[in-house]
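Only one structure is covered here, and it is reproduced in the block below.
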Amino acid sequence: MIVLLAGLLAATGCTRPGDTRQSEAQTAPSPTTTAMRLDKPKRLLDRWPESVDRSLRETAQHNLGDLKKLLSGEPTSAIGTAYVTWEGEYSPERGWHRPAGGSTVVISGVSGTISEPTAALDATFATLTHLTTVAPTAPGPLGGEARCGTGQNKGTHVEVCGWTDNHTVALVTFTGFPAAQTRADDFRQIRAQLENPVR
């Protein structure tokens, strides 16, 4: 099952079909003639550095095993890492750690051939039990289908957005950001930065 933030959002499924289906107005055609791949940027959205927190990065990489099962064949690329809105702090007692109030973005995604994109997204969100709401969101200019859901982790707000098309499936988890503002716009910008045509 998909593990997000060390088991925070894993397990038995709480979404309802009506929560996760997307209207035709929100679903754009997925590119079918151009193969796509996922690339890891040095800085996310040109401003957030990659996290040095081993547990966050291991969580992101652990998710790749389940995402790869959604492909028809072998993956052509994969990304599993995390980014932070702070530079990190180090102390001899604690090592690298997150300062109070820091926010993180955990990314897990694979590319290859996805024969049933909607079914792949259904399967991915069905495992995220602590999301109290899941709703369609605009996928952006790359098309396909996208959804976002929100939840809580020990009082910390979490928002998970995912997308799928004929070539990629991925999850982006935002933790520690203000609950009053959705991260859907950031999600679409992140997708545009990660997903690129194969050259």
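Residues in segment 164-199 near a label at residue 156, defined as backbone nitrogen under 18 Å from the 7 Å Cα→Cβ point?
What the label zone holds, given the 18 Å backbone N cut-off, is 172-181, 183.
To make sure I understand the rule: partners must be lysines, Cα under 18 Å from the Cα of residue 68, and not fewer than 8 residues away in the same chain. Which ones qualify?
Filter leaves 40.
Check residue 138: other-chain or 5+ apart residues with amide H under 5 Å from its amide H, H built from backbone geometry?
none
Laboratory data are not the source of any read-out in this text; all were calculated from the coordinates shown. Since this is a predicted model, take the numbers as computed values, not measurements. So basically every Cβ, Gly included, is an ideal-geometry build from the backbone, and we count neighbours across all protein chains shown.
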